[in-house]
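Asker: First the structure, which I've put down as structure tokens, then a few questions once you've had a look.
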Amino acid sequence: MAELWVERTGTRRYTGKSDRGAEVLIGSEDVPGVFTPGELLKIALAACTGMSSDRPLARRLGENYDATVRVSGTADRDNEVYPRLDEVLQVDLSELDAEAQERLLTVVTKAVDKVCTVGRTLKAGTEVNLSVEVEG
């Protein structure tokens, strides 16, 4: 399992890091060039859906198929939650007949429902525990 952390780099600005060398800039909406935490949540969901659908789509369409997963959802600021997130998987299935498209979409939907950990976690809810380590 990768070690993940964020480091504060300024007022409402952080850099997310992994022990594999990845970095992502995080901040509030008024900071240019960063993702908000909520945007990262949505991107994680879209990426998980894309990765979960990758094998069945590649098997049928070939390794070089193009796909985009769009995700949206407005925060309920009174309760600080996203009550609904909507995803749209955009993929060209024009080379398949209607019956083959329907079969493939069924397989893709089942694959995402079965193996997209982010989506499954969001649907099920999860326990989050915070502890604070005081230095000095």
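The values are calculated or read from the model by the stated rules, or taken from the named source; none is laboratory data. Keep in mind that this is a model prediction, so the values were computed, not measured. Heads up: the accessible areas ignore ligands, DNA and RNA and are worked out on the full protein's heavy atoms, side chains in. Shrake-Rupley method; radii C 1.70, N 1.55, O 1.52, S 1.80 Å.
Asker: Ignoring ligands, DNA and RNA, what accessible area per residue does the chain give at 1.4 Å, in Å²?
Answerer: 77 Å²
Asker: So what are the three principal axis dimensions of the chain from its Cα atoms, in whole Å, longest to shortest?
Answerer: 65, 36, 30
Asker: Follow-up question, since we're still on this one. Any idea what the alpha-carbon Rg over 2.2 N^0.38 Å comes to for region 6-67?
Answerer: Output field value: 1.48.
Asker: Whole Å is fine, so just give me how far the alpha carbon centre of region 96-134 lies from that of region 14-90.
Answerer: 12 Å
Asker: Something else about it: Using a 1.4 angstrom probe on heavy atoms only, work out the carbon and sulfur share of the accessible area of the chain in %.
Answerer: In the chain, the share of accessible area belonging to carbon and sulfur is 50 percent.
Asker: How much accessible surface does Arg13 have with a 1.4 Å probe, in Å² rounded to 10?
Answerer: 80 Å²
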